[in-house]
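Worksheet for the structure shown next.
Bear in mind that the values in this text are calculations on the coordinates, not laboratory data. Bear in mind that the values here come from a model prediction, so they are computed numbers and not experimental data. Virtual Cβ from ideal backbone geometry, glycine too; neighbours counted across all protein chains shown.
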Amino acid sequence: MHEPDDEFSDLAALAAASGVTEPLRASRQVVRTDDGRETAAIRWDTADGREARVTYLHGLGIDAHSFDQTAIAVGEPAVALDLPGHGRSSWRDDADYGATVTAPQVIAALDALAVPPGVLVGHSLGAILAARVAATVPERVTGLVLVDMSPDFAQRAVDRIARALEDEEPFASLEEVVDRAVEARVGDDRAVLRREARHTTRLGADGRLVRRHHFPHLPAGRTTSVGRFADAWPDLEGLTVPLLLIRGDRGYVSPKLHAGFTERLPDAEVVTVTARHAVQNQAPLELASAIRAWGERHGLLQPRTLLHPVEEPSPDTSERR
């Protein structure tokens, strides 16, 4: 059985696990932009009503909830979007989810949500999208954080992931979702994977679980597009704001890609944490600590002391293997 859709029921437990005694308040908001599309968001607010300082953009095939524990641990008012075609956001008729196409919808949603200029944090596809947003409306972005993604990540691998999402069959139970994720080496913490499965699936018409995102629901013969990741290089090289790459030591940014990234962007800071690709699920506190330390260092985030702060990851000075 699928659990009731009380999407914020476990936030108190996440806060406790993060050592946070006064967690942010989470609420769901959906905005309709002038193009008629809906964009869903999770808004993270503080008791004093401060404006959002961070926007989180998730990766391919997941949703805004993947950043829940990181957002709680960072502790800054924030907005986490369900990307177009994902979560509770509208699907596109053309099934094109490349950054060039979706950036205008994301920017329009941020306008509708009245999100002021701040830090963009993007994971995977969300990192490429964050770079496009920053290049399109640089006045909106004070700093950019890329989570385990470089534009040099092989396009054939990107497209292979998209095709795998399209071919995914319905699930008999949440445990089957978790089993498949373990088999695919997405992760090995079944509690974390089960939480992700609860948020990224819904009951289908036949009583089985289906993904919320668009990819497995296409008509026969249709495929999606996620754009060319290499197109993000001009966006990143034109940045004038602080840039941070946080990579998993077993993630998609290999030591070779890491070296190429730092060669092309020598002013960027790089932090490596112990995780696979889904850093925000596998090392959410280390991710939060790296974001907060970098943000405070550049004056982008207000100083904040966690009750039980995690050890701050050190910026890389050389490739790690």
Residue set Ala127, Ala164; condition under 23 Å from Glu286 (Cα atoms), out of contact with any helix residue (DSSP H, G or I) (no Cβ under 7 Å at 6 or more places or on another chain) and not acidic (Asp, Glu); output residue Ala127
Can you confirm whether Ala154 is closer than 26 Å to Leu265 by Cβ and free of Cβ contacts under 8 Å to residues at least 40 places away in the same chain? yes
So in the range 63-79, with the set limited to residues that are among the hydrophobic types (A, V, I, L, M, F, W, C) and within 8 Å of the chain's Cα centre (by Cα), which one is surrounded by the most Cβ atoms within 10 Å (Cβ to Cβ)? Phe67
I'm checking my understanding of the structure. Among residues of the range 169-225 that are of a type in the set (D, E, K, R) and touching a strand residue (DSSP E or B) at 6+ places or on another chain (Cβ under 7 Å), which one is nearest to Ala80 (Cα to Cα)? Arg212
Consider Val271 against the criteria (1) closer than 13 Å to Val147 by Cα; (2) β-branched (Val, Ile, Thr); (3) crowded, with 24+ Cβ neighbours inside 10 Å: it satisfies all of them except one. Which criterion is unmet? (3)
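Quick grid of which residues meet (1) more than 16 Å from the chain's Cα centre (by Cα); (2) closer than 12 Å to Ser150 by Cα:
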site: Leu218; (1), (2): yes, no
site: Trp233; (1), (2): yes, yes
site: Pro242; (1), (2): yes, no
site: Arg247; (1), (2): no, yes
site: Ser254; (1), (2): yes, yes
site: Thr262; (1), (2): yes, yes
site: Asp267; (1), (2): yes, no
site: Asn281; (1), (2): no, no
site: Leu287; (1), (2): no, no
Which count do you get for residues in the range 223-238 that are in a loop (DSSP other than H, G, I, E, B) and not β-branched (Val, Ile, Thr)? 3
Restricting to the range 239-296, what's the tally of residues that are in a loop (DSSP other than H, G, I, E, B) and within 23 Å of Val158 (Cα to Cα)? 13
What are the residue pairs meeting all of these: first residue in the range 170-186, first residue over 21 Å from His277 (Cα atoms), second residue polar (S, T, N, Q) and not in a helix (DSSP H, G or I), Cβ atoms under 8 Å, and 6 or more apart or on different chains? Phe171/Thr201; Leu174/Thr201
For the range 29-50, indicate whether the set of residues that are among the hydrophobic types (A, V, I, L, M, F, W, C) and assigned to a loop (DSSP other than H, G, I, E, B) is non-empty. yes
Exclusive hit being of a type in the set (A, V, I, L, M), more than 24 Å from Val270 (Cβ to Cβ), in a helix (DSSP H, G or I) and more than 16 Å from the chain's Cα centre (by Cα), set Ala164, Ala135: Ala164
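One line per residue, one yes/no per condition, for (1) under 23 Å from Arg37 (Cβ atoms); (2) in a helix (DSSP H, G or I):
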position: Arg88; (1), (2): yes, no
position: Gly122; (1), (2): yes, no
position: Leu129; (1), (2): yes, yes
position: Pro151; (1), (2): no, no
